[in-house]
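Notes for the one structure printed next.
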Amino acid sequence: MNDSVLLARDTRGVATITFNRPDKRNAFDAALIQRLHEIVAEISSDQSLRIAVLTGAGTAFSAGADLVHMRRQGTMSEQENYADALQFAHCLQSLDRLRMPLIARVNGAAYGGGIGLIACADIAIGVSTAKFALTEVRFGIVPAVISPYVVAAIGQRQARRWFLSAMPIDADAARTIGLLHEMVPGDELDRAIEACIALLLQGGPIAQSEAKQLIRNVQDLPNDKLPEHTAHLLARLRGSPEGKEGLTAFLENRKPEWDRTPR
């Protein structure tokens, strides 16, 4: 059984995905990537789930590619390396397009591909002692498959600096450039994650999924298509069961049926 990634569900509909190689600082190999991709597909199809949390066991979030895996890549053909990289690219895309909100619980250091995993999250909260680096150029390669998500998270200007220099990034800088949304002391991480979960559970699950798709669409659609697209979307959601329930609950001064958080 591949236990390099663990999945736990709770009664609120929160799925916690944990990289489980603490002795390797949660570095990933092909088996871990495959298992992560399987888990993302599994939770995507589970309609009882509302939120996903991505984290690491031990003191690191993810050290990026495993050293043994990196050595193997050096002996692989170009076609084999393409297949290996494509597996990770598909895994990242599935995380980025996950229908539910995804929180990165950054419990420690993240390097290389580990930063790409954080960048795929909708919300990233990390400990103040966490360290980061995009060190690929030091190995004569580039952070290629993670680049769409990292550049989207931190912007082109910041990406130029960190991709080219491979400089270490502390947690404060990570927050400044947009990799982390929030930085907290280690003993407050779980409290911050729980506060974030409580806020997300108050939102309509379909609306949250539609909001994620909306963000992608407004970036990709031509400006002349945006008025019609956004108007159609709003009209459709206003008339949907979830939209009607949300408005009715507001007018009746009660919580909507999807919100089971304590008052």
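The values are calculated or read from the model by the stated rules, or taken from the named source; none is laboratory data. As the structure is a prediction and not an experimental result, all values here were calculated from the model. All Cβ positions, glycine included, derive from the backbone under ideal geometry; neighbour counts span all protein chains shown. All accessible areas refer to the heavy atoms of the entire protein, side chains included, with ligands and DNA or RNA removed. Shrake-Rupley method; radii C 1.70, N 1.55, O 1.52, S 1.80 Å.
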Q: Sort out for me the helices (runs of 4 or more DSSP H) sitting completely within segment 169-263 that have 2 or more residues that are under 20 Å from Asp122 (Cα atoms) and either open to solvent by 40 Å² or more (accessible area, probe 1.4 Å) or out of contact with any helix residue (DSSP H, G or I) (no Cβ under 7 Å at 6 or more places or on another chain) (or both).
A: 171-177, 189-200, 205-220
Q. Given the conditions (1) closer than 16 Å to Phe61 by Cα; (2) of a type in the set (A, V, I, L, M, F, W, C); (3) open to solvent by 10 Å² or more (accessible area, probe 1.4 Å), and given that Phe163 satisfies all but one, which numbered condition is not satisfied?
A. (1)
Q) Out of segment 171-182, which residues are among the aliphatic types (A, V, I, L, M) and in contact with a strand residue (DSSP E or B) (Cβ under 6 Å, 6 or more places away or on another chain)? A) Ala171, Ala174, Leu180
Q. Which of the residues that make up segment 117-151 are assigned to a helix (DSSP H, G or I), out of contact with any helix residue (DSSP H, G or I) (no Cβ under 7 Å at 6 or more places or on another chain) and open to solvent by 40 Å² or more (accessible area, probe 1.4 Å)?
A. Arg138, Phe139, Pro148
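Residues checked against (1) among the aliphatic types (A, V, I, L, M); (2) under 25 Å from Asp46 (Cα atoms):
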residue: Ala207; (1), (2): yes, yes
residue: Arg216; (1), (2): no, yes
residue: Leu221; (1), (2): yes, no
residue: Leu226; (1), (2): yes, no
residue: Ala231; (1), (2): yes, no
residue: Pro241; (1), (2): no, yes
residue: Pro256; (1), (2): no, yes
**Q.** Complete set of residues in segment 76-114 that are within 15 Å of Lys131 (Cα to Cα) and over 10 Å from the mean Cα position of the chain (by Cα)
**A.** Val106, Asn107, Gly108, Ala109, Ala110, Tyr111, Gly112, Gly113, Gly114
Q) Of (1) touching a helix residue (DSSP H, G or I) at 6+ places or on another chain (Cβ under 9 Å); (2) assigned to a helix (DSSP H, G or I); (3) over 28 Å from Asp187 (Cβ atoms), Leu95 satisfies all except one. Which? A) (3)
